[in-house]
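Contents: one structure, followed by commentary.
The values are calculated or read from the model by the stated rules, or taken from the named source; none is laboratory data. Keep in mind it's a predicted model, so treat the numbers as computed, not measured. Cβ placement follows ideal geometry from the backbone for every residue including glycine, while neighbour counts extend to all protein chains displayed.
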Amino acid sequence: MSKTITVTGSQGFIGSYLCLELLNHGWEVLGIDNFSKYGKVSRPHDSHPSFTLVEHDLSQSFPKVAKTDYMVAGAAMIGGISYFHKYAYDLISHNERIIANTFDQAVHDKMRRVVVLSSSMVYESTRTFPTREELATHIPPPLSTYGFQKLSTEYFAKGAWEQYKLPYTIIRPFNCVGVGEEKSIKEEAITSGNIELMMSHVLPDLVNKVMKGQEPLHILGSGKQVRCYTNGKDIARGIRIALESNAAINEDFNISVSTPTTVLELANMVWDRLNPEKPFSYVCDTPYKYDVAYRVPDVSKAYKLLGFKARISLEESIDEVIEYMV
């Protein structure tokens with residue numbers, strides 16, 4: 001197969017993992033990013049000879065670039081839980097412009113396939129666990145504008161196939177953890193106890209607070225929220241496998257570990273690694289409206305059709321993030 005691909009949002013958290021994964025497997029990657037989340041950051045894939053970066057705001061237009069055969073639509077305005085409230089309108093209006101411009105270009109170039117990076121937030125209203133892929137269109141729509149817009153990106157893919165026969169694959173990552181998650185330049189400054197929250201992802205936030213000596217540790221909400229923390233390397237590998245497989249054409253996949261972990265269990269694990277001599281103590285902060293209580297995927301479809309299974313344990317991910325932040 002031809003191995004030229006455009007990755008939008010290439011300098012983001014998942015995007016940077018994905019670019020490195022693709023480059024290491026023989027792909028020629030054109031990245032598009034406007035550095036809107038973290039500002040100008042350097043990524044491990046930047047100097048790779050098969051990587052080209054174009055700085056551009058996709059909400060305005062699609063840049064004039066060399067045609068590629070494939071596209072990963074990953075660019076989006078995205079942040080942590082406070083983002084869902086502060087930018088409730090922008091998250092839907094801005095991201096709709098990005099995805100429309102992206103699919104307009106993919107249709108124009110008659111690409112071989114577009115891979116859409118959706119989100120586990122499309123399952124925001126489900127009460128069925130573990131959650132199978134087909135439930136995305138059989139449950140009430142997401143309550144948050146972010147989740148609703150992510151579901152909209154999936155309908156762009158389905159519409160482009162129905163009208164233009166543009167093949168697609170939908171990927172729904174679950175709770176990416178790993179290194180490279182910097183402080184968002186647009187995130188609202190909120191304190192948790194005496195320390196400013198790192199709101200984009202819970203793991204670096206917990207590591208940061210424990211490293212700074214917060215005691216008792218402040219937990220957002222009750223700590224009973226359940227997540228499936230999936231290493232960015234596993235998510236990137238799952239996306240690449242789907243991209244390279246004909247079995248993934250016009251299909252959707254949960255890409256995740258299958259082991260559920262509460263926020264409180266995660267906090268205890270971080271505490272034990274950084275404060276092994278101290279008993280774990282915590283207090284609960286007021287939760288946010290869209291902090292989903294339970295999020296567990298059914299991952300059998302990805303294994304059955306793609307042979308994909310997450311490999312990296314949560315313990316390994318915690319150690320990786322701690323080493324990165326020390």
Verdict on residue 93 being surrounded by 21 or more Cβ atoms within 10 Å (Cβ to Cβ), among the polar types (S, T, N, Q), within 25 Å of residue 38 (Cα to Cα) and at pLDDT 95 or above | no
Can you tell me which of 78, 98, 5, 14 is part of a loop (DSSP other than H, G, I, E, B) and closer than 28 Å to residue 147 by Cα?
-> 78
With 122, 107 as the choices, which residue is assigned to a helix (DSSP H, G or I) and within 17 Å of the chain's Cα centre (by Cα)?
-> 122
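One line per residue, one yes/no per condition, for (1) part of a loop (DSSP other than H, G, I, E, B); (2) polar (S, T, N, Q); (3) at negative phi:
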residue: 19; (1), (2), (3): no, no, yes
residue: 41; (1), (2), (3): yes, no, yes
residue: 52; (1), (2), (3): no, yes, yes
residue: 57; (1), (2), (3): yes, no, yes
residue: 64; (1), (2), (3): yes, no, yes
residue: 68; (1), (2), (3): yes, yes, yes
residue: 72; (1), (2), (3): no, no, yes
residue: 84; (1), (2), (3): no, no, yes
Among the residues of segment 263-275, is any over 30 Å from residue 208 (Cβ atoms), in contact with a Ser or Thr (Cβ under 9 Å, 6 or more places away or on another chain), at pLDDT 95 or above and not in a loop (DSSP other than H, G, I, E, B)?
-> no
Have a look at 313, 222, 258 and point out the one that is free of Cβ contacts under 8 Å to residues at least 60 places away in the same chain and of a type in the set (Gly, Ala, Ser).
-> 313
Does segment 21-39 hold any residues that are in a loop (DSSP other than H, G, I, E, B) and within 15 Å of residue 5 (Cα to Cα), and which are they?
-> 24, 25, 26, 27
The condition from (1) in contact with a Lys or Arg (Cβ under 9 Å, 6 or more places away or on another chain); (2) buried (at least 20 other Cβ atoms within 10 Å of the Cβ); (3) of a type in the set (Val, Ile, Thr); (4) under 22 Å from residue 136 (Cα atoms) that residue 210 misses is numbered (4)
Complete set of residues in segment 125-156 that are assigned to a loop (DSSP other than H, G, I, E, B), among the β-branched types (Val, Ile, Thr) and surrounded by 15 or more Cβ atoms within 10 Å (Cβ to Cβ) | 126, 139
The number of residues in segment 276-326 that are part of a helix (DSSP H, G or I) and β-branched (Val, Ile, Thr) is 3
Can you tell me how many residues in segment 237-260 are within 18 Å of the chain's Cα centre (by Cα) and either in a strand (DSSP E or B) or buried (at least 17 other Cβ atoms within 10 Å of the Cβ) (or both)?
-> 14
Check on residue 295, within 23 Å of residue 320 (Cβ to Cβ), surrounded by 20 or more Cβ atoms within 10 Å (Cβ to Cβ) and modelled with pLDDT of 95 or more = yes
Do we find that residue 230 is under 26 Å from residue 141 (Cα atoms) and either loosely packed, with under 15 Cβ neighbours inside 10 Å or in contact with a Leu (Cβ under 8 Å, 6 or more places away or on another chain) (or both) in this structure?
-> no
